[in-house]
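Below is one structure, written out as structure tokens; comments come after it.
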Amino acid sequence: MEIIHISAECYPVAKVGGLADVVGALPKYQNKAGKKTAVVMPFYSNAFAAKNTYRLDHQNQVTLGNLTYDFEVLQLENDSFEYPLYQIKIPGLLDRENVYGYEDDTERYVAFQKAVLNWILQFENKPKIIHCHDYHTGLIPFMALQAHKYVSLKDIPSVLTIHNAQYQGQFSFDKLNYFPEYDLSYSGLIEWDQMINPLAAAVKSAWAVTTVSPSYLIELRSAANGLEWLLDNEKGKSTGILNGIDTDVWNPATDPMISKNFNKQNSLSGKRNNKMYLCDKFNLDPSKPLFAFIGRLVGEKGAELLPQIFENTLNNPEVNASILVLGSGDPAIEQALNDLKATHEGNYNAYIGYDEQLSHIIYAGADFLVMPSRVEPCGLNQMYSLRYGTIPIVRSIGGLKDTITDISEKDGFGICHENTDVNEASNAIFRASELFKDQPRFKRIRKQIMQIDHSWDSAATNYIELYQTLLNK
Ligand code: ADP
Ligand code: GLC
């Protein structure tokens with residue numbers, strides 16, 4: 001392999017959010033562009049693992065302080081994958097059902113990263129590029145550069161892609177003994193705010209840093225959950241590369257998960273069929289414009305404002321909307337979104353939980369998708385919704401700003417608002433409902449958005465060009 005992607009998530013093996021979609025797709029498109037890629041991730045005891053078979057690639061041990069863990073590197077045997085996928089199994093640490101959310105996540109991910117390096121260390125042909133994704137893999141660039149044990153890896157260029165700088169994985173210096181031996185005078189490289197900070201460590205040690213949209217790169221210099229100064233200081237080695245979408249998985253013409261397949265020629269009947277299916281299932285009136293939200297119910301997504309935004313919308317007779325929510329996260333937000341069902345039966349419904357298939361049907365059947373995000377490093381939902389002819393209503397931030405143009409502008413096709421604010425978002429939904437009343441224009445825009453190209457081809461090439469500049473150094 002020339003390029004190894006290291007990540008905690010990869011679709012369809014394990015997915016919490018967009019990180020999985022990106023790591024599932026980018027290597028595939030890089031392969032198509034002529035680079036040999038592979039992915040390595042943890043082995044979780046989840047539904048995917050239960051359904052698949054593996055070949056043992058390597059066995060070894062990893063230490064954390066005084067503890068020693070056996071680990072196995074398993075290679076997936078599954079023909080539908082277009083790149084080799086390896087999973088690290090560490091019994092007692094990684095082999096659990098969920099990806100994150102355990103008390104010992106620090107131990108789990110430090111052990112994972114050391115296991116990855118122990119594995120790579122014994123390759124006869126080392127990868128040319130080590131590409132790390134988010135903080136769970138953020139100690140790798142440091143360890144590869146500084147740890148005595150990994151000295152033979154120190155000349156391999158490393159890239160860190162920041163999908164989300166809100167999460168940094170900080171832990172106390174009490175756990176410094178988890179690290180392989182290195183010259184302690186370099187401890188500044190792992191420190192931020194008196195803690196060991198894996199994301200900061202990667203920003204300092206990786207040869208290059210990328211963010212998942214150009215706007216997010218700029219925004220991080222003033223809002224990065226404490227790392228603003230660092231990201232500003234490292235701007236010389238940082239680039240923003242907008243994510244793509246996997247157009248094989250997210251294709252309304254072939255998607256096996258939706259109620260009826262459609263393309264831009266027959267979008268009218270295709271959208272109608274999927275909308276009917278949804279409205280029937282969720283007791284909504286299909287003649288009204290259908291507004292949907294899909295996502296993690298957390299502050300970054302502006303999710304705590306949704307109940308009030310929807311209340312305003314449902315109480316506004318001029319809008320006359322149907323609303324459908326798919327999401328999970330903060331229990332208080334889940335509760336508030338569930339509570340709305342009782343007062344707005346027939347006009348509002350919510351499925352609280354995670355359901356991959358339902359998300360596809362909603363992208364296919366809704367008229368509008370609401371994204372009042374406070375922070376949105378890229379956002380894939382709006383790109384999926386474009387491809388499925390669902391008009392996005394977004395707060396202009398990060399990747400949303402880079403992908404959606406308001407209908408008031410030349411060739412505009414979305415509805416944008418400036419701030420994550422109840423009134424602004426409610427007003428944006430009102431503007432969307434006015435657009436819905438103008439059916440010829442609404443349908444024209446729907447056809448227009450289905451043609452926008454957000455495939456991975458150009459982004460995959462941007463990454464390859466970046467690797468090349470590092471290899472030329
Ligand atoms: P983030 O990674 O911050 O959550 P993205 O927009 O990049 O945001 O990606 C979110 C991904 O997760 C999309 O594929 C979206 O469809 C999916 N998703 C989010 N919440 C749910 C859910 N409750 N059920 C199914 N899919 C979901
Ligand atoms: C993160 C971000 C999201 C982005 C995704 C994939 O989870 O929150 O905006 O689309 O990563 O890069």
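So for the range 364-373 (the condition being in contact with a Leu (Cβ under 7 Å, 6 or more places away or on another chain), without any contact (Cβ under 8 Å) to a residue 60 or more places away in the chain and among the hydrophobic types (A, V, I, L, M, F, W, C)), does at least one residue qualify?
no
So in the range 221-238, with the set limited to residues that are more than 16 Å from L160 (Cα to Cα) and hydrophobic (A, V, I, L, M, F, W, C), which one is most open to solvent (accessible area, probe 1.4 Å)? Explain how you work it out, then say what you get.
Within the range 221-238, the first condition is being more than 16 Å from L160 (Cα to Cα), and the residues that meet it are 221-223, 225-226, 228-229.
Narrowing the set further to residues that are hydrophobic (A, V, I, L, M, F, W, C) leaves 223, 229.
Values: A223: 62, W229: 162 Å².
So the residue we want is W229.
Within the range 87-104, is there a residue that is among the polar types (S, T, N, Q), open to solvent by 30 Å² or more (accessible area, probe 1.4 Å) and within 24 Å of P12 (Cα to Cα)?
The first filter runs over the range 87-104 and keeps only residues among the polar types (S, T, N, Q), leaving 87, 98.
The next check asks that each one be open to solvent by 30 Å² or more (accessible area, probe 1.4 Å); those that pass are 98.
In the following step, the residues that additionally are within 24 Å of P12 (Cα to Cα) were identified as 98.
Yes, the range 87-104 contains at least one residue that is among the polar types (S, T, N, Q), open to solvent by 30 Å² or more (accessible area, probe 1.4 Å) and within 24 Å of P12 (Cα to Cα).
For the range 166-202, give me each residue that is away from ligand 2 (no atom under 16 Å from the Cβ), in a helix (DSSP H, G or I) and either more than 24 Å from Y102 (Cβ to Cβ) or of a type in the set (A, V, I, L, M) (or both).
L176, L184, S185, Y186, S187, G188, L189, A200, A201
Considering every residue within the range 62-78, establish whether at least one is under 23 Å from S158 (Cβ atoms) and open to solvent by 50 Å² or more (accessible area, probe 1.4 Å).
So far as the range 62-78 goes, yes, one or more of its residues are under 23 Å from S158 (Cβ atoms) and open to solvent by 50 Å² or more (accessible area, probe 1.4 Å).
Collect the residues in the range 286-305 that are part of a helix (DSSP H, G or I) and more than 11 Å from ligand 1 (Cβ to nearest atom), keeping them in residue-number order. Lay out the reasoning, then the answer.
At the first step, the residues of the range 286-305 found to be part of a helix (DSSP H, G or I) are 299-301, 303-305.
Of everything in the range 286-305, those that are part of a helix (DSSP H, G or I) and more than 11 Å from ligand 1 (Cβ to nearest atom) turn out to be G299, E304, L305.
Is the range 110-132 home to any residue that is assigned to a helix (DSSP H, G or I), open to solvent by less than 10 Å² (accessible area, probe 1.4 Å) and under 18 Å from V203 (Cα atoms)?
Checking the range 110-132: at least one residue is assigned to a helix (DSSP H, G or I), open to solvent by less than 10 Å² (accessible area, probe 1.4 Å) and under 18 Å from V203 (Cα atoms).
Give the number of residues within the range 225-257 that are over 23 Å from I464 (Cα atoms) and within 16 Å of ligand 2 (Cβ to nearest atom). Before the answer, list the steps.
Pass one, the range 225-257, residues over 23 Å from I464 (Cα atoms): 225-230, 232-233, 250-257.
Right, trim to within 16 Å of ligand 2 (Cβ to nearest atom) and you get 225, 227, 250.
Of the residues in the range 225-257, 3 are over 23 Å from I464 (Cα atoms) and within 16 Å of ligand 2 (Cβ to nearest atom).
Please go through the range 318-340 and give me each residue that is open to solvent by 40 Å² or more (accessible area, probe 1.4 Å), more than 16 Å from ligand 1 (Cβ to nearest atom) and either in a strand (DSSP E or B) or under 15 Å from F291 (Cα atoms) (or both), ordered by number.
Within the range 318-340, E318, N320 meet the criteria.
Inspect all residues belonging to the range 407-423 and state whether any of them is out of contact with any helix residue (DSSP H, G or I) (no Cβ under 6 Å at 6 or more places or on another chain), within 24 Å of A25 (Cβ to Cβ) and free of Cβ contacts under 8 Å to residues at least 60 places away in the same chain.
Of the range 407-423, the ones out of contact with any helix residue (DSSP H, G or I) (no Cβ under 6 Å at 6 or more places or on another chain) are 407-412, 414, 416, 418-421, 423.
Still in the list and also within 24 Å of A25 (Cβ to Cβ): 414.
With free of Cβ contacts under 8 Å to residues at least 60 places away in the same chain added as a condition, the list becomes 414.
The answer is yes, given that some residue of the range 407-423 is out of contact with any helix residue (DSSP H, G or I) (no Cβ under 6 Å at 6 or more places or on another chain), within 24 Å of A25 (Cβ to Cβ) and free of Cβ contacts under 8 Å to residues at least 60 places away in the same chain.
More than 19 Å from I162 (Cα to Cα) and within 16 Å of ligand 1 (Cβ to nearest atom) - does that describe any residue in the range 29-40?
no
Only one of A14, A25, A8 is within 17 Å of S458 (Cα to Cα), within 16 Å of ligand 1 (Cβ to nearest atom) and of a type in the set (G, A, S). Can you tell me which?
The match here is A25.
The values are calculated or read from the model by the stated rules, or taken from the named source; none is laboratory data. The shown structure was predicted, so the numbers you read here are calculated from the model rather than taken from an experiment. Ideal geometry is used to build each Cβ from the backbone, glycine not excepted, and the neighbour counts take in all protein chains shown. Calculation scope for accessible area: heavy atoms of the full protein, side chains included, ligands and nucleic acids excluded. Shrake-Rupley method; radii C 1.70, N 1.55, O 1.52, S 1.80 Å.
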